[in-house]
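J.: Please see the structure below; I have some questions.
The values are calculated or read from the model by the stated rules, or taken from the named source; none is laboratory data. Since the structure is predicted, the reported quantities are computational estimates derived from the model, not experimental observations. Because the Cβ atoms are built from the backbone with ideal geometry, glycine has one as well, and the counts that use them run over all protein chains shown. For the accessible areas, the whole protein counts, side chains as well, though only heavy atoms, and no ligand, DNA or RNA atoms are used. Shrake-Rupley method; radii C 1.70, N 1.55, O 1.52, S 1.80 Å.
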Amino acid sequence: MSELTVESRDVGGVVLLYPKGFINAHTVRLFEGALQKAISLKQFKIVVNCSGLSYIASAGLGAMMGAIEEIRHNGGDLRLASLNETVQNIFDILGFNHLYRTYASEAEAIASFGPAQGAGA
Amino acid sequence: MAPRGRNKPALVLSLPSETRYLGLVREVTKKMAEVAGFSEPVAERLSLAVDEAATNVLEHAYKGATDREVELRFEDRGPDFRVELVDTGQMVDPRAVPQVDLDKFVTERRTGGLGMHLMEKIMDSVTFRRSARRNVCALVKHKDKADEESPGR
């Protein structure tokens, strides 16, 4: 059983990342790599669909923190969708809800970036 | 069932200092917390705190060395659930890590200290001591009515 896989796809200029499994200090490099790949391709509108994410430790949150400045500096954002209760809880504990916009569904997160080719909100 | 009022650990695990075992640390912690009577959401949070403590040991005390051991002691003290992590690595003072300031995480790209912050938010007590060339990190969570499941679980 794989501990983490991260698939990605592009929808109208928004990169969707699908971490499946858990993100901790052991698996974080894979997640970090997916974020960095999007950045290196100048795809700065990123939605992390967390529906398959069972758990995230500080290593994973650190990976997002490490990428967010460059993403926002380039007019993009990293937004999250479909957090389960455990992950939402971790976000609440850390106050990450003030730093990241979260959405109940992937569609809402994508729509939050506005029409394709448009500027990020 | 763990004897009440005694300090005998209910479970002691010795694990290699490899991140691949962090998932196991989390699973075992969650199970032990549930056995101690915590609800699943609370047990999840406790498992995160212990994951973070173990990660600290691997990254800071052992500095990534994978040929060492981390000992975990789980203890149900009745009113308290206690987990100790013991390592023989370098003495580190996690309190030396600056307090987390979320705004600075964005502006200064600081990502350290998050784990410590989580541990302190989740647990009632997080203490570190050095004893016989060993580092001992003790995490304690008090039980209360809201956290407990029905007796016997």
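J.: Comparing the chain by itself with all protein chains present, which residues of region B:13-32 are at least 20 Å² less accessible (probe 1.4 Å)?
T.: Listed by number, the residues meeting the 20 Å² cut-off are B:19, B:20, B:22, B:23, B:26.
J.: What's the FRET efficiency of residue A:92 with residue A:7 using the Cβ-Cβ distance as r and R₀ = 30 Å, to the nearest 0.05?
T.: Once the sixth-power term is evaluated, E becomes 0.65.
J.: Suppose R0 equals 35 Å. What FRET efficiency, 1/(1 + (r/R0)^6) with r the Cβ-Cβ distance, do residue B:131 and residue A:54 give to the nearest 0.05?
T.: The formula returns an efficiency of 0.50 here.
J.: Related question: Report the label-to-label distance for residue B:66 and residue B:88 in nanometres (one decimal), using points 7 Å from each Cα along the Cα→Cβ vector.
T.: That separation, rounded to one decimal, is 2.0 nm.
J.: Taking the solvent-accessible surface of protein heavy atoms with a 1.4 Å probe, what is the per residue accessible area of region A:1-90 in Å²?
T.: Per residue, region A:1-90 has 41 Å² of solvent-accessible surface.
J.: Using all Cα-Cα distances in chain A, what percent lands in each 10 angstrom bin from 0 up to the longest?
T.: All Cα pairs considered, the percentages come to 14, 51, 32, 3.
J.: Of the heavy-atom accessible surface of chain A (probe 1.4 angstrom), what whole percent is carbon and sulfur?
T.: Ligands and nucleic acids excluded, carbon and sulfur give 52 percent.
J.: Now, a different point. With r as the distance between the Cβ atoms of residue B:31 and residue A:42 and R0 = 45 Å, compute the FRET efficiency 1/(1 + (r/R0)^6) and round to 0.05.
T.: Step by step, r from the Cβ atoms, then E = 0.50.
J.: Between B and A, buried accessible area summed over both sides at probe 1.4 Å, in Å² to the nearest 100? Numbers along the way, then the final one.
T.: On the way: alone 9020 and 6390 Å², together 13260 Å².
Interface between B and A: roughly 2200 Å².
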